[in-house]
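The values are calculated or read from the model by the stated rules, or taken from the named source; none is laboratory data. None of these values were measured; they are calculated from a predicted model. Cβ placement follows ideal geometry from the backbone for every residue including glycine, while neighbour counts extend to all protein chains displayed. Note: accessible area is taken over every heavy atom of the protein model, side chains too, but ligands, DNA and RNA are not part of it. Shrake-Rupley method; radii C 1.70, N 1.55, O 1.52, S 1.80 Å.
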Amino acid sequence: MLIDQRYTRRTLERPQPGACLNCHASLPEITTKLGNGDQAAGWAAMNKMPFKEATTLATHPVGCIDCHDPKSMALRVTRPAFIAGIAEYKATQGIKNYDVNKQATVQEMRSFVCAQCHVEYYFKGQEKTLTFPWEKGLTVDDALAYYDKVGWTDFTHKLTGARVIKAQHPDFETYSQGVHAKAGVTCADCHMSYKREGAMKITDHQVRSPMTSDVTINQSCLTCHHTTEADMRERVTTIHDRYEHAKNVSFDALTALITDIQKATTSGTPADRIAKAQAYQRKGQFFMDYVVSENSRGFHAPQYTLRVLNDVTDASRLGQLALLGIEPTTTTKPALQPPATTS
Ligand code: HEC
Ligand code: HEC
Ligand code: HEC
Ligand code: HEC
Ligand code: HEC
C-alpha cells in the first residue's frame, strides 16, 4: 500500500497532501515524530504537508499498532478521521459524545479496525483534514446530502460542466447496509477467519478475498452456512453477475445523459435546463462511482447495491427529460426532486 501510493501517477503527476498517508502507512510513528509526542498536532501537520515530503517519514505500511494496543494487544482504532466520523454517525443514532475506543464492543471492533481505511473520504479545507461524510448517516444518499450541504466538488466535468464528486471505496458503509452487518457478522469473520495452527486456533492475518480457495471459503463461510464450497462460490458468482449486468445498464444510461448535456451546451438549450441536468449528472455519477469503487462487486449488500444502480439509471433519465423541459409527474411519495445544485 505504501509503495503503490508512491508510484501511482496520482502522486507522481499531481501535487497531493500528506493526508494521503492516513490509510497507506503505519501512522503512530509519523504523528508522534511530527507533533513531538502530541498526536493531534502531528496529525494536523501531516495532513497539510506536501505528500512527497510526508511519505519520506513513513517506514512501514499498516502495522500491528494501527489495530492493536501495544501493551494489552486489545483491538483499538488509531485514525482521527474514523474516531470523529463514527462519533458523528452514532450521534445520528441518538448516542452523544461517542468514544469508540471506550464504547465499542469487541464484535464492532472487528469491523471498525478496517473501517479506519475502507471508506469514502475527502480532504476538508486548506488544512486538508481527512474527513468522512457521515454527519447525516452511512448511506450514499447521506453522503451526497452532506457534500451538497458543504458545497464539495472534486472536479468540473470537462464535457458538460457538471460539478462532480469522486467516490472511493465505501466498503464499510456498503457492508453496513447488508444482511451480514445486521446479523453481527464482521469484516474479520470473512476476511480474517480463524485457522488452525497445530492445537491452536488463530486469526488469519493474511487479509484477502475469502473466495481465494476452497480452504478460505471453508474457514470464512461454512462456519455459518452449512453447505458446500461449490455452492457458496456459486452464490457469490450469481451476485457478481447480476451486479455486472445492472452496472452496465446504468453506465449506458449515464453516458447517454453526459452525451446529451454536451450536445445541449452548443445547441441553444436554456441554461436552467442544463443546470438541472448537470445536477442529475452529479447525483448519477457519484452513485455510479460509489458502487463501482466499492470492492465487493455487489456482495457486501446485494439489494442495496442494485437499488443504488437503479437510482443512477433514474437520475440519467430525469436529466435527459430536464434538457427537454419536461418535469415528469410521479406516483411515488415523496416525489423525486432534482438534487441541489451547488454553486
Ligand atoms: C481513508 C483512507 C484512504 C485515504 C485517505 C487514501 N487511500 Fe488510497 N486506498 C485506500 C484503500 C482502502 C485502498 C484499497 C481499496 C481500493 O483499491 O479500492 C486504496 C487503494 C489505493 C491505491 C491502489 C488501488 C488503485 O488502483 O487505485 C492507490 C494507488 C491509492 N490508494 C492512492 C491514494 C492516494 C494518491 C491518496 C491521496 C489522494 C490516497 N490513496 C488516500 C484508502 C485510502
Ligand atoms: C488491520 C488490523 C490488524 C492488524 C494490522 C493486525 N491485526 Fe492482529 N488482529 C486483528 C483482529 C481483527 C484480530 C481478532 C481479534 C479479536 O477478535 O479479538 C486480531 C487478533 C490478533 C491476535 C490474537 C490471537 C489470534 O490469533 O486471534 C494476535 C496475537 C495478533 N492479532 C497479533 C498481531 C500482530 C503481531 C500484528 C502485526 C504483525 C497484527 N496482529 C496486525 C486485526 C489486526
Ligand atoms: C491503514 C489502512 C487499512 C486498514 C486498517 C485496512 N486496510 Fe485493507 N487495504 C488498505 C489498502 C491501502 C489496500 C490496497 C493495497 C494496495 O493494493 O496497494 C488494502 C487492501 C485490502 C484488500 C485486498 C487485498 C488483496 O488481495 O489485494 C482486502 C480484502 C482488504 N484490504 C480488507 C481489509 C480488512 C478486512 C481490514 C480489517 C481487518 C483491512 N483491510 C484493514 C488499507 C487498509
Ligand atoms: C459475509 C462475508 C463478508 C463480510 C462480513 C465482509 N466481506 Fe468483504 N468481501 C466478501 C466477499 C465474498 C467478497 C468478494 C470477493 C471475491 O469475489 O473474490 C469481498 C470483497 C471485499 C474486498 C475486495 C477484495 C478483493 O480481493 O478484491 C474488500 C477490500 C473487502 N471485501 C473489504 C471488506 C471490509 C472492509 C469489510 C467490513 C466493513 C468486509 N469486507 C466485510 C465477504 C465479506
Ligand atoms: C458469522 C456467520 C456468517 C458468516 C461467517 C457468513 N455468513 Fe452469509 N449469512 C449469515 C446470515 C445470518 C445471513 C442472513 C440469513 C437470513 O437472514 O436469512 C447470511 C446471508 C448470506 C447470503 C444471502 C445474502 C442476501 O443479501 O440475501 C449470502 C449469499 C451469504 N450469506 C454468503 C456468505 C459468504 C460467501 C460467506 C463467506 C465469505 C458468508 N456468507 C459468511 C451468516 C454468515
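Need the failing condition index for Thr129 against (1) within 15 Å of ligand 5 (Cβ to nearest atom); (2) more than 23 Å from Glu294 (Cβ to Cβ); (3) surrounded by 14 or more Cβ atoms within 10 Å (Cβ to Cβ), just the number. All conditions pass for Thr129, except number (1). Quick one: would you say Thr342 is surrounded by fewer than 14 Cβ atoms within 10 Å (Cβ to Cβ) and either modelled with pLDDT under 95 or not assigned by TED's automatic domain parsing to the domain that holds His245 (or both)? In short, no. Checking each residue in the stretch 245-291 for being acidic (Asp, Glu) and over 25 Å from the mean Cα position of the chain (by Cα) picks out Asp260, Asp272. Of the helices (runs of 4 or more DSSP H) lying entirely inside the stretch 12-114, the ones with 1 or more residues being in contact (Cβ under 8 Å) with a residue 40 or more places away in the chain and buried (at least 17 other Cβ atoms within 10 Å of the Cβ) are found at 39-48, 51-54, 64-67, 80-92. State the number of residues belonging to the stretch 1-11 that are without any contact (Cβ under 8 Å) to a residue 24 or more places away in the chain and surrounded by 13 or more Cβ atoms within 10 Å (Cβ to Cβ). Counting residues in the stretch 1-11 that are without any contact (Cβ under 8 Å) to a residue 24 or more places away in the chain and surrounded by 13 or more Cβ atoms within 10 Å (Cβ to Cβ) gives 1. The numbered conditions (1) surrounded by fewer than 19 Cβ atoms within 10 Å (Cβ to Cβ); (2) under 17 Å from Met109 (Cβ atoms); (3) aliphatic (A, V, I, L, M) are all true for Met192 except (1).
Listed by first and then second residue, the pairs linking a residue in the stretch 319-332 that is at pLDDT 85 or above to a residue that is among the basic types (Lys, Arg), with Cβ atoms under 6 Å apart and 6 or more places separating them unless they lie on different chains, are Ala322/Arg273; Ala322/Lys276; Leu323/Arg273; Gly325/Arg273.
If you go through the stretch 308-324 one residue at a time, do you hit one that is open to solvent by 50 Å² or more (accessible area, probe 1.4 Å), within 24 Å of His180 (Cβ to Cβ) and within 16 Å of ligand 2 (Cβ to nearest atom)? Scanning the stretch 308-324 turns up no residue that is open to solvent by 50 Å² or more (accessible area, probe 1.4 Å), within 24 Å of His180 (Cβ to Cβ) and within 16 Å of ligand 2 (Cβ to nearest atom).
Can you pull out the residues in the stretch 155-191 that are farther than 21 Å from Gln303 by Cβ, without any contact (Cβ under 8 Å) to a residue 24 or more places away in the chain and either within 16 Å of ligand 3 (Cβ to nearest atom) or not in a loop (DSSP other than H, G, I, E, B) (or both)?
Taking the stretch 155-191 as the starting set, the residues that turn out to be farther than 21 Å from Gln303 by Cβ are 155-166, 168, 188, 191.
With the extra rule that they be without any contact (Cβ under 8 Å) to a residue 24 or more places away in the chain, the set shrinks to 155-156, 158.
Hits for the stretch 155-191 are Phe155, Thr156.
Here is the figure for the stretch 129-148: residues that are under 24 Å from Cys67 (Cα atoms) and touching a residue at least 60 places away in the same chain (Cβ under 8 Å) total 2.
Residue count for the stretch 1-33, restricted to those that are more than 16 Å from ligand 2 (Cβ to nearest atom) and touching a Phe, Trp or Tyr at 6+ places or on another chain (Cβ under 8 Å): 8.
Residue-wise test of (1) within 16 Å of ligand 1 (Cβ to nearest atom); (2) on the phi > 0 side of the Ramachandran plot; (3) of a type in the set (Lys, Arg).
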position: Pro15; (1), (2), (3): yes, no, no
position: Met49; (1), (2), (3): yes, no, no
position: Glu53; (1), (2), (3): yes, no, no
position: Val62; (1), (2), (3): yes, no, no
position: Cys67; (1), (2), (3): yes, no, no
position: Val100; (1), (2), (3): yes, no, no
position: Ala104; (1), (2), (3): no, no, no
position: Phe112; (1), (2), (3): yes, no, no
position: Lys128; (1), (2), (3): yes, yes, yes
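Restricting the stretch 151-189 to residues that are within 11 Å of ligand 4 (Cβ to nearest atom) and open to solvent by less than 20 Å² (accessible area, probe 1.4 Å) leaves a set whose member that is farthest from Val113 (Cα to Cα) is Gly178.
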